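Inspection log for the structure reproduced underneath, given as structure tokens.
The values are calculated or read from the model by the stated rules, or taken from the named source; none is laboratory data. Remember, it's a predicted structure, so these values are computed and weren't measured experimentally. All Cβ positions, even for glycine, are placed from backbone atoms using ideal geometry, and neighbour counts span all protein chains on display. Ligands, DNA and RNA are excluded from the accessible area calculation, which covers all protein heavy atoms including side chains. Shrake-Rupley method; radii C 1.70, N 1.55, O 1.52, S 1.80 Å.
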Amino acid sequence: MNFAYSPKVEDLIRRVSSFMDEHIVPRQRQWHEEVHAGRYPVSFMEDLKALARAEGLWNLFLPHLSGDEPGTRLTNLEYAPLAEIMGRVSWAPEVFNCNAPDTGNMELLHMFATPPQREQWLVPLLEGKIRSAFAMTEPDVPSSDATNITTSIRRDGGDYVINGRKWFITNAAHPNCKIFIVMGKTDPDAETHRQQSMILVPAGTPGVKIVRNITVMNHVSPEGHCEITFTNVRVPASNLLGEEGSGFALAQARLGPGRIHHCMRSIGAAELALELMIERAQERKTFGKYLHQHGTVGEWIAKSRIEIDQARLLVLKAAWLIDEVGAKAARKEISMIKALVPQVHTAVCDRAMQVFGAMGVSPDTPLADHWTWGRALRYADGPDEVHLQAIAKMELARGKERLGATAAYLTPPLRD
Ligand SMILES: Cc1cc2nc3c(=O)[nH]c(=O)nc-3n(C[C@H](O)[C@H](O)[C@H](O)COP(=O)(O)OP(=O)(O)OC[C@H]3O[C@@H](n4cnc5c(N)ncnc54)[C@H](O)[C@@H]3O)c2cc1C
């Protein structure tokens, strides 16, 4: 087993890191100032995107480009360390056209869109000219079980008519968000996993209303996590993505890569939190000792190092498996990282915040923002418990196949 990155990936790591140091990190303050002043997208975003694209640091996430699309062709394993670097700054992924939920949506369109749908939506997304949203979750039903969703997609002549209410729809407040991929039911009487379909709804279609941008732990995200109503929204039948009844399967296909990208970025956020914690612990003294010299703080540093490295190795294994055998066959490992990594992300940020004292909860470090996002990730793309249940189910199925195999390891009762 070789843990080293190839020279090609080492070169990309160096280039993405330099880009972050030169163009992104120095603009953190300006980004916050402009967003607070209501300017979004921020004034320098398009220039930075053009620069990243010119440097070949564009669409790094999409491994299976067919040829003419802009981007660098990398495997998931090769992309992982780059996503990690981008994850250090919340708005950085957009600069490289590698941000959620667009990456998952582009993967979905790449796999299932018809040629006209690709032309209309995938091409401008790959160019970074528009943004997109994925609308599945509903306020009125437990949406971690996607079979519960109730939004209706009803055929009417040459059109479909959509009615329903969604919420927490990321990106929907982005001024460049031009397309919603909406999941609903085309046939509520079909077999449970064949009732759902996905349909493309252009933003601005009559009947689409953004009700509010929901704050996350009282934190406003300018791209939005929105509540949206769809009232008699009419789109041509050709806007259906895949075939009628395939929505559930499409959702499964989308969530594989989407989940792993979140985890890769989370590792970057945790790594930054540990770096901050280490620096702060070496700068400040209480009771005659530097903070790291107090046993508890030293232990937090060590624990964080262990947890991050464990999480990273598991993420890399999941990425390697997706490359080798596909997301479906890697579903256990994808669930494992989705259940683990956001917890490591928040645990490490939490320790770092504590080491910073009151400053840790202020906006003067990135820790509070990173903690908030890590906490939210414990729901996004499925809550921890659903992934744990899925892992247990797969392990139990394996145990059933091997039933009796452990008998030889039992010690027979000893008798005198
Ligand atoms: C910041 C943020 C961004 C999001 N972005 C999007 C987006 O862009 N598009 C979108 O469609 N959705 C999005 N979501 C929604 C997210 O996918 C859902 O919140 C998630 O799927 C859970 O659904 P729910 O909120 O309806 O919880 P419910 O389904 O009501 O579940 C509630 C709780 O029940 C428990 N639970 C559920 N099932 C089990 C089980 N099997 N075993 C044990 N306990 C269980 C869990 O603790 C769970 O948290 C986002 C959420 C957040 C917080």
Check: Using a basic spin-label model with each label point 7 Å from the Cα along Cα→Cβ, how many nm lie between Gln293 and Lys393?
Finding: 5.5 nm
Check: Add -39500 (n - 2.57) for each DSSP H run of 4 or more in the chain, then divide by its residues: what number comes out at 222 nm, to the nearest 500 deg cm²/dmol?
Finding: -14500 deg cm²/dmol
Next item on the list: Excluding residues on the same chain fewer than 8 positions from Lys285, give the aspartates and glutamates whose Cα lies under 19 Å from its Cα.
Entry: Glu275, Glu299
Next item on the list: Just report the Cα centroid separation between region 270-335 and region 363-416, whole Å.
Entry: 19 Å
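On alpha-carbon atoms, Rg over Rh for region 1-66 using Kirkwood Rh? Intermediate results must be reported in sequence, preceding the final value.
On the way: Rg = 15.3 Å, Rh = 14.0 Å.
A ratio of 1.09.
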Note to self: If packing is taken as the average number of other Cβ atoms within 10 Å across a peptide's residues, how do 279-286, 311-318 rank, most packed first?
What the structure shows: 311-318, 279-286
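Calculate, in nm to one decimal, what Ala4 and Thr192 gain on full extension: separation in residues at 0.36 nm each, minus their alpha carbon distance. Please report the intermediate quantities before stating the final value.
Values: separation 188, 0.36 × 188 = 67.68 nm, distance 4.52 nm.
Length gained, Ala4 through Thr192: 63.2 nm.
For the chain, what D do you get in µm² per second when you plug the Kirkwood radius from alpha-carbon pairs into Stokes-Einstein at 37 °C and 0.692 mPa s? Can you show the working numbers first?
Details: Rh = 22.9 Å.
Reported coefficient: 144 µm²/s.
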Margin query: Could you sort the peptides 376-384, 81-89 by per-residue average Cβ neighbour count (10 Å cutoff), highest mean leading?
Written below: 81-89, 376-384
Notebook entry, point to check: For Leu316, what charge total do you get from the other residues with a beta carbon under 11 Å from its beta carbon, if Lys and Arg give +1 and Asp and Glu give -1?
Noted result: -3
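If each residue of separation counts as 0.36 nm, what is the full-extension length gain between Thr411 and Glu279 once their alpha-carbon separation is subtracted? Mind showing how you got there, number by number?
Working: separation 132, 0.36 × 132 = 47.52 nm, distance 5.19 nm.
Full extension of this stretch gives 42.3 nm more.
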Note to self: Counting only other residues whose beta carbon sits under 14 Å from that of Ile162, what net charge do I get with K and R as +1, D and E as -1?
What the structure shows: +3
Note to self: How far apart, in nanometres, would the label points at Ser144 and Val123 be if each is projected 7 angstrom from Cα along the Cα-to-Cβ direction?
What the structure shows: 4.2 nm
Note to self: Averaging over every viewing direction, what projected area does the convex hull of the Cα atoms of region 304-405 cover, in nm²?
What the structure shows: 8.1 nm²
Check: Shape of region 242-342 from its Cα gyration tensor (a ≥ b ≥ c, root eigenvalues): rounded if a/c is under 1.5, otherwise prolate when a/b > b/c, or oblate?
Finding: prolate
Margin query: Please give the Cα centre distance for region 120-192 versus region 1-68, rounded to the nearest Å.
Written below: 28 Å
Note to self: Can you give me the solvent accessible area of Thr150 with a 1.4 Å probe, rounded to the nearest 10 Å²?
What the structure shows: 90 Å²
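Can you tell me which of 90-97, 202-209 comes out highest on packing, and rank the rest after it, using the mean Cβ neighbours within 10 Å?
On the way: 90-97: 24.0, 202-209: 13.8.
Output ranking for 90-97, 202-209: 90-97, 202-209.
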Check: Using 0.36 nm per residue, how much length does the chain from Arg155 to Glu385 gain when fully extended, once their Cα-Cα distance is taken away?
Finding: 79.2 nm
Check: If you take the square roots of the eigenvalues of the alpha-carbon gyration tensor of region 148-272 and sort them as a ≥ b ≥ c, do you get rounded (a/c under 1.5), prolate (a/b over b/c) or oblate?
Finding: oblate
